[in-house]
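Following: one structure in structure tokens, then a few remarks.
The values are calculated or read from the model by the stated rules, or taken from the named source; none is laboratory data. What you see is a predicted model; the values in this text were computed from it and never measured. Here the Cβ positions follow ideal geometry from the backbone for every residue, glycine too, while neighbour counts run over all protein chains shown.
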Amino acid sequence: QKEVEQDPGPLSVPEGAIVSLNCTYSNSAFQYFMWYRQYSRKGPELLMYTYSSGNKEDGRFTAQVDKSSKYISLFIRDSQPSDSATYLCAMTLSGGYQKVTFGTGTKLQVIP
Amino acid sequence: GAVVSQHPSRVICKSGTSVKIECRSLDFQATTMFWYRQFPKKSLMLMATSNEGSKATYEQGVEKDKFLINHASLTLSTLTVTSAHPEDSSFYICSAREQGRDTEAFFGQGTRLTVV
């Protein structure tokens, strides 16, 4: 079993739709959770960073963490064509020296 | 947010030559930086953890003599691909977390290496 599981998609939605992206993980020691957006041939760009269970909102993005279920989600409201990218969930242990473990990424396409 | 700068963004080299890629944290210090490799349509594969002032820690299957990592200061790590082969052609990305803080990881822009 992989440490982090993420549906690779591709996921295709119409403009304005609500998008739900999800990851599950097996290591209960993970404490920090991140979502990155990666456009083709670019480095990943941090979207959301959360620590505790619950919701965190930033503009059209909401990150949700459920540590008891080992499940995290990213919601995108009013999706735009510019949101078309690959979304990577990531998580890590406490400590700046700890490596970050990534999901495989979900490719999202928002159709105008 | 914090900035990690990676250089060059794109490089083409001949087989057998060596290529150096730089990763700099511009507005924070990082005792640890990470080097990843990404194949087309695949996720990031951690190659090694770069530690300032000490040897890098390589992931299983990564040749340390081929992928030389030097973390000379708290803001700079370099990855040198030695005796490059066409199969080394890939997208290489570095990331860093701020020293002493449990912050998020910030990524460089990536380097597209093509070995011909």
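Listed conditions (1) of a type in the set (S, T, N, Q); (2) within 11 Å of B:Trp35 (Cβ to Cβ); (3) facing another protein chain (nearest Cβ under 10 Å) are all met by B:Thr78, apart from (3). For the range A:23-35, the count of residues that are assigned to a strand (DSSP E or B), in contact (Cβ under 8 Å) with a residue 60 or more places away in the chain and more than 21 Å from B:Val3 (Cα to Cα) is at least one.
Just wondering, is there one or more residues in the range B:104-114 that are more than 30 Å from A:Asp7 (Cβ to Cβ) and touching a residue at least 24 places away in the same chain (Cβ under 8 Å)?
Of the range B:104-114, the ones more than 30 Å from A:Asp7 (Cβ to Cβ) are B:114.
Pick out the ones that are also touching a residue at least 24 places away in the same chain (Cβ under 8 Å) and you get B:114.
For the range B:104-114, residues more than 30 Å from A:Asp7 (Cβ to Cβ) and touching a residue at least 24 places away in the same chain (Cβ under 8 Å): present.
Scanning the range A:93-112 for residues that are within 23 Å of B:Phe106 (Cβ to Cβ) and either of a type in the set (A, V, I, L, M) or surrounded by fewer than 21 Cβ atoms within 10 Å (Cβ to Cβ) (or both) returns A:Leu93, A:Ser94, A:Gly95, A:Gly96, A:Tyr97, A:Gln98, A:Lys99, A:Val100, A:Thr101, A:Thr104, A:Lys107, A:Leu108.
Against the list (1) away from chain B (no Cβ under 14 Å); (2) hydroxyl-bearing (Ser, Thr, Tyr); (3) touching a residue at least 24 places away in the same chain (Cβ under 8 Å), the condition A:Ser68 fails is (3).
Here B:Gln109 clears all of (1) part of a strand (DSSP E or B); (2) over 10 Å from the mean Cα position of the chain (by Cα) except the condition numbered (1).
So in the range B:81-101, with the set limited to residues that are within 13 Å of chain A (Cβ to nearest Cβ), touching a residue at least 60 places away in the same chain (Cβ under 8 Å) and touching a Leu at 6+ places or on another chain (Cβ under 9 Å), which one is surrounded by the most Cβ atoms within 10 Å (Cβ to Cβ)? Ranking the candidates gives B:Cys94 first. Evaluate the range A:37-56: report whether one residue or more is away from every other protein chain (no Cβ under 14 Å), assigned to a loop (DSSP other than H, G, I, E, B) and surrounded by fewer than 21 Cβ atoms within 10 Å (Cβ to Cβ). Within the range A:37-56, one or more residues are away from every other protein chain (no Cβ under 14 Å), assigned to a loop (DSSP other than H, G, I, E, B) and surrounded by fewer than 21 Cβ atoms within 10 Å (Cβ to Cβ).
Restrict the check to the range B:34-46 and report whether at least one residue is in contact with a Leu (Cβ under 8 Å, 6 or more places away or on another chain) and either among the polar types (S, T, N, Q) or more than 27 Å from A:Cys23 (Cα to Cα) (or both). Yes - at least one qualifying residue is present in the range B:34-46. Say we look at the range B:1-56 and pick out the residues that are within 9 Å of chain A (Cβ to nearest Cβ) and more than 28 Å from A:Tyr87 (Cβ to Cβ); which of these is surrounded by the fewest Cβ atoms within 10 Å (Cβ to Cβ)? Checked the range B:1-56; the qualifying residue surrounded by the fewest Cβ atoms within 10 Å (Cβ to Cβ) is B:Asn51. If you go through the range B:59-68 and pick out every residue that is more than 14 Å from every other protein chain (Cβ to nearest Cβ) and within 24 Å of A:Gln31 (Cβ to Cβ), you end up with 0.
Going through (1) in contact with a Cys (Cβ under 8 Å, 6 or more places away or on another chain); (2) within 23 Å of B:Arg37 (Cα to Cα); (3) aliphatic (A, V, I, L, M) one by one, A:Ile72 falls short only on (2).
Quick grid of which residues meet (1) more than 13 Å from the chain's Cα centre (by Cα); (2) at pLDDT 95 or above; (3) more than 24 Å from A:Phe30 (Cβ to Cβ); (4) outside any strand (DSSP E or B):
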| position | (1), (2), (3), (4) |
| --- | --- |
| B:Lys42 | yes, no, no, yes |
| B:Lys55 | yes, no, yes, yes |
| B:Asn70 | no, no, yes, no |
| B:Thr80 | no, yes, yes, no |
| B:Ala84 | yes, yes, yes, yes |
| B:Tyr92 | no, yes, yes, no |
| B:Glu98 | yes, no, no, yes |
| B:Arg101 | yes, no, no, yes |
| B:Glu104 | yes, no, no, yes |
